[in-house]
1. Evaluate the following for residue 389: is it crowded, with 20+ Cβ neighbours inside 10 Å, modelled with pLDDT of 90 or more and on the phi > 0 side of the Ramachandran plot?
2. Which count do you get for residues in segment 381-423 that are farther than 18 Å from residue 249 by Cα and outside any loop (DSSP other than H, G, I, E, B)?
3. From the list 248, 221, pick out the single residue that is crowded, with 16+ Cβ neighbours inside 10 Å, under 28 Å from residue 300 (Cβ atoms) and modelled with pLDDT under 95.
4. Test residue 313 against the stated conditions and say whether it is buried (at least 24 other Cβ atoms within 10 Å of the Cβ), in a loop (DSSP other than H, G, I, E, B) and not assigned by TED's automatic domain parsing to the domain that holds residue 101.
5. Can you name every residue in segment 195-218 that is at positive phi and buried (at least 18 other Cβ atoms within 10 Å of the Cβ)?
6. Within the group 186, 180, which residue is modelled with pLDDT of 95 or more, in contact with a strand residue (DSSP E or B) (Cβ under 6 Å, 6 or more places away or on another chain) and in the same structural domain as residue 249 (by TED's automatic domain parsing)?
7. Out of 273, 306, report the one residue that is under 13 Å from residue 240 (Cα atoms) and either at pLDDT 95 or above or not assigned by TED's automatic domain parsing to the domain that holds residue 410 (or both).
8. Would you confirm, using the coordinates I've provided, whether residue 42 is modelled with pLDDT under 75 and assigned to a helix (DSSP H, G or I)?
C-alpha cells in the first residue's frame, strides 16, 4: 500500500515490502483548509515537540522516550474524543487492537521484534501494553479519565520526525470503489494484472511500466503479462489509481462486489505524476490536490499516455473476494484506526497516538480541518512512506474517504504508548 510526496509533494504508498498494502493518492503540499487556533500558544503543536535536551541524548534513535504530555485546560484536541460521547467509536479501536494482538502472536512478529532497533521496545511489552490499554478503554467513561490513566501507567516513545524535533508529515489513503468487469468488453478495456509466477526470475532492471503495458495501457497482451489479466476497467486512470492505493473494491456488471489487494511489484520506486505535471509547468505544485489532478486529466485525457508511463513502477493484484483491505502485517485495516509507517524504524502492530490536522466534511460537504488526537494501530507500510517523518492514515472505503484523503497533508506528531517498565 504510493502517493506524491517527497517533502513538498506526496503520493502515498504503493510498493509494500512483502504483504498486501493499500495506498493514498497524489497530492502535494497545500495550504490549511480552515485551521483552528487552539486555546493558547502553549497548547499549539510546538508544545508537543521533543525537548532539545532529549534529542541531544538520543541523536540516532528513531523514537525517544518521554513522559505523557499534560493537556492544557479546555484543549479538547488533546484527547481522543471520538471514543466517547453520543456515538462512541470504541468498537472500531477494539477491533484494530484485536487484529494487532493476533499479528503479534505470529512468527513474523517474533522476527520483526528480534531485530527491532529500539532495545526497550520488545514484543512482550507491546502485547502487555495493548492488553492494558484495552482494559482502560473498556472501563473508563471519558476521554479525560482515559488520558489520566495513561499518564499514570504509560510512557511515550515519540518519533524524531523529519527534523529531530518530532515533526511528522501526515498524508492519508483509502480503498477506492470502481466499476470493473471480469472479461474485456468494448466498455471495459484497461486491465489490472495477477502476480507473474516467474517474477522472481525476471532479470533486473525489470521492464518498465511502458514496456509492460505500453504507453496507452493496452499492449500488455503482447509481452510478459499476457494471460495475467485479472479485471478490466473502463477508464485508463482507474487501474493506475488502484495501483497507487494498493487495493480497490470493485462493482461488477451483475451488481455483485469483490475486492482486489496488493500481491507484488516490480523493482522500481514510485514516481508521482502529480509532481511530473508540476515539473512540466502544467499545474502549480503549491496547492495541488487529487481533485485538481483528476480535473486536469478529464480535460486532457490524451496526456495520461504521457504521464502514467513516467512512473516506471508496476503493482500486481490478487482477488480478495470481498475481504477488507489488508495492511503489511497481514491483518485487515480499520478506518481511522490504522496507520502506515516505515517498518524498518517503527514497531509493527503497536499502539500509537497521532496528533495532526485532519479534514472532516461539514454538513454542507465542505472540508474543514481540525487538529485531533487519535489512538491508532501501526498496521501498514508503503513504498513512499520512508523515514521517521512520515505517516499515512487509513480513512476507509469509498468517495468520502477518497475526498478526505485527497486533501490530507499536514505536520503533526507520532507517539507510541508502552507500559512503564515496572508494569
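The values are calculated or read from the model by the stated rules, or taken from the named source; none is laboratory data. In this text the structure is predicted, and so the values were computed from the model without any measurement. A quick note on method: Cβ atoms are made from the backbone with ideal geometry, for glycine too, and the neighbour counts reach across all protein chains shown.
1. no
2. 15
3. Checking each option against the conditions leaves just 248.
4. Working: buried (at least 24 other Cβ atoms within 10 Å of the Cβ): no; in a loop (DSSP other than H, G, I, E, B): yes; not assigned by TED's automatic domain parsing to the domain that holds residue 101: yes.
Spelling it out, it is not the case that residue 313 is buried (at least 24 other Cβ atoms within 10 Å of the Cβ), in a loop (DSSP other than H, G, I, E, B) and not assigned by TED's automatic domain parsing to the domain that holds residue 101.
5. 217 - this is the single residue of segment 195-218 that is at positive phi and buried (at least 18 other Cβ atoms within 10 Å of the Cβ).
6. Answer to the selection: 180.
7. On inspection, the qualifying residue turns out to be 273.
8. yes
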